[in-house]
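Read the structure below first, then the notes.
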Amino acid sequence: MTTLKAENLSLAYSGHPVVQDLTLDLPAGQITMVIGANGSGKSTLLRGLAGRLAPAAGAVLLDGTDLHDRPADEVARALGLLPEPLDAAGGTTVRELVARGRAPEGGAGAGWTQDDDDAVDRALAATHCTDLAARDAGTLSGGQRQRAWMASVLARESGVLLLDEPTTHLDLAHQLVLLDAIADLNRRHGTTVAMVLHDLNLAARYADHLVALADGAIVASGRPSEVLTAEFIQAVFGLPARVIPDPVAGSPLVLPIGRHRVLRPEVADDGGAPRFRTSRLEDESPVAGQDASGRDAPAQEPAAGQEGGDSAVVPVLRKPAVEVCPTLAFSLTAVDVQDLGPSFRRLTLAGPELEHFGTGGHPLDLRIKVLVPPAGDGAVERMRDLFADLAPGGTISDEDASGWYRTWLAKDPAERGAMRTYTVRSFRPAGHPGNAGADPELDLDFVLHVRRENGVLVGGPASVWAAEAQVGDEVVILGPNRALCGHDYGGIEFRPGQARRILLAGDETAAPAICSILESLPPGITGDAFIEVPSVDDIQGSFTRSGVAVQWLPRGMQAPGNLLEAAVRSAVAVPGAGAVDPGNDYEDVNVDEGILWETTSGSGQPFYAWIAGEAGVIKSMRRYLVRDVGIDRKQVSFMGYWRTGRAEG
């Protein structure tokens, strides 16, 4: 699989720096969208990656070799680039143009075959250019020229495609046809794609990976759901916006907010004066076009400043949280507390609001946020008030629906408490025979990293709170809204696809997720599950209907991770010489500075690995599986839950 990487790359025009000291490793076999404001260096970066612009410093590496040290024809075969205008083709016909993309060096001639001609037809069809095959390129419209160039690039079937605004001049229907063709090429052939796209919503829908540029530097990168937030849009584009789940694809949907948020008038049925339509406010006060009872009122004279009544300012609208918020705040009570061992404590939380909790199926490794209350009387009540709008019975504005984390973060730490991430060990709906009462219940298993100093319990806020929790204690959690979240919910990372053999590996922090996953596996799934815990007393009962073998590994006095790594290496052996693709590598991560977290949706391959725990250990196991064993990185999900030497986070 062809790889392309920029190392400390600087690019300039006429001595003016545009891209400075940029390092980017395009994820092999994935679609990377490059986004950013005008003038941020997106197109310049693509030209540099394609070798069309010589670096002022640094290098571009194609399969590990400096791009500029390789023959031009070799680079041209490996990289497909779409930044040029079609006008340069002169009088070339579209069919000849596309054939040029498939032809061997020297053009279509003796080396041209029927297979090549068929590939041209497929490329033309992919971009709806078949009707243009005999047209002179110089007579085409902008959209037709763009589609013809795209067909030319697709026809080459290069290992890497670099596309600068490929949807320019295309209507919406042809934009989707083109992006679908690119996505199909990526899925069928593993083609690595880097694409500049201004449409953030289409970028989010088609991207595996987003890279955001500002002033020639990378300011954000990751999955679309991680990058595209209202705060990011404001910071990078200077644009107030709301970000909600795309109802079609589930990807982030950016809704920009302009200055003039107005309602336009509608002409009355009788042809009279215009009147305005709007929604009722929460306080039931009359609005434009309605009387106090809510019925349409007679048309009024325009208010001062409305310039003849051609617009009316829209009031801030509040909507039921259960209808618009993928994340809800649930107020719960502890109905049971169990010590599972010296390192684990289980809290069973219940409440009627959990009727709205979930993703429509088994929780798997579902993550939620626990709002650990600060010390002092009335702390939980204050937190409940702080998140009242996000409660299942609350109402909320669009701004608050997407900005709850920013609102919480702005509060005084003594008031807001701590927010920590935990995995749901199990969830039981109302009426389950194992429930303590009539309400739905969920179990959370806490790993306790606490000690006593002078009779006082010391440790992270969540560990101390869980160690001292009692039946009757109240807490607020943030979790998925069942009405809006399904199995594609971002808090679920276990996605094995069609794999029938799996590997689950983690330390005590991953034990709740692994045990929950095991319970979900059907018969016919085989593999291994390894769970390293501090002591033999921490071993828990684990149930699975599958054929996955489960091993608990008490570490005792050994260093954390030693037993886990040894077990993984024993279960997944290195194949014989020549069986590993030497290019099957991955972007290294400094676990002391960055977050080690990459999850994938398994495809049709038979093996899938899910590993989580201490970041340094996970990095080592990931390197072994991907680089040494040769497992496709798309079949390995890995998560650094914590890092040695860092405080609870």
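The values are calculated or read from the model by the stated rules, or taken from the named source; none is laboratory data. Here the structure is a predicted model, which is why all the values come from computation and not from measurement. Cβ coordinates were reconstructed from backbone atoms using ideal geometry, including for glycine residues, and neighbour counts include every protein chain displayed. For accessibility, only protein heavy atoms count, side chains too; no ligands or nucleic acids. Shrake-Rupley method; radii C 1.70, N 1.55, O 1.52, S 1.80 Å.
Measuring with a 1.4 angstrom probe and ignoring ligands and nucleic acids, Phe530 comes out at about 10 Å² accessible.
Solvent exposure of Tyr206, expressed as accessible area, is near 40 Å², computed with a probe of 1.4 Å over the protein chains only. At q = 0.16, 0.19, 0.21, 0.25 Å⁻¹ the log10 of I(q)/I(0) for region 380-477 amounts to -0.94, -1.18, -1.27, -1.35, computed by Debye summation with a single uniform scatterer per C-alpha, solvent ignored.
Gyration tensor over the Cα atoms of region 162-251: the corresponding equivalent ellipsoid has semi-axes (square roots of 5 times the eigenvalues, largest first) of 22, 15, 14 Å. Judged by the mean number of other Cβ atoms found within 10 Å, the most tightly packed of the peptides 563-569, 381-387, 535-541, 344-350 leads the ranking 344-350, 563-569, 381-387, 535-541. Counting only heavy atoms of the protein chains and using a 1.4 Å probe, His169 has close to 130 Å² of accessible surface. Distance from a point 7 Å along Cα→Cβ of Ser603 to each backbone N in region 620-636: keep the residues under 11 Å and list them by number. Residues passing the 11 Å test: 632-635. For the set Lys42/Lys369; Lys319/Lys411; Lys411/Lys619; Lys5/Lys634; Lys369/Lys634, the pairs lying more than 30 angstrom apart at their alpha carbons are Lys42/Lys369; Lys411/Lys619. Using a Förster radius of 35 Å, what is the FRET efficiency between Leu176 and His432 based on their Cβ-Cβ separation? Nearest 0.05, please. Efficiency, from the Cβ-Cβ distance: 0.20. Of Tyr608, Tyr422, the order by accessible heavy-atom surface (1.4 Å probe, DNA, RNA and ligands excluded), from most exposed downward, is Tyr422, Tyr608. For a Förster distance of 30 Å, can you work out the FRET efficiency between the beta-carbons of Ser221 and Val456, rounded to the nearest 0.05? So the FRET efficiency works out to roughly 0.10.
Largest first, the residues Met557, Met33, Met419 sort by 1.4 Å accessible area into Met557, Met419, Met33. Over all pairs of different C-alpha atoms in region 321-467, the reciprocal of the mean inverse distance, the Kirkwood hydrodynamic radius, equals 16.5 Å. Remark: region 201-208, residue by residue, has Karplus-estimated 3J(HN,Hα) of 6, 5, 4, 5, 6, 9, 8, 8 Hz, where x stands for each Gly or Pro and the curve is 6.51 cos²θ - 1.76 cosθ + 1.60 at θ = phi - 60°. A compact globular protein would have a Cα radius of gyration near 2.2 N^0.38 Å; the ratio found for region 453-552 is 1.37. Working from label points 7 Å from Cα in the Cα-to-Cβ sense, the Glu474 to Asp628 distance is 5.3 nm.
In 5 Å bins starting at zero, report the fraction of Cα pairs in region 366-412 per bin as a rounded %. The distribution over region 366-412 is 5, 17, 27, 27, 17, 6, 1, given as percents. The gain in end-to-end length when the Ala214 to Glu381 segment is fully stretched comes to 55.9 nm, 0.36 nm per residue minus the alpha carbon separation.
Within the shell defined by Cβ-Cβ distances under 12 Å, the residues around Arg205 carry a net charge of -4, with Lys and Arg each +1 and Asp and Glu each -1.
Against the empirical curve 2.2 N^0.38 Å, the C-alpha radius of gyration of region 1-86 lands at a ratio of 1.05. For the set Phe232, Phe543, the ranking by accessible area, highest first and with no ligand, DNA or RNA atoms included, is Phe543, Phe232 under a 1.4 Å probe.
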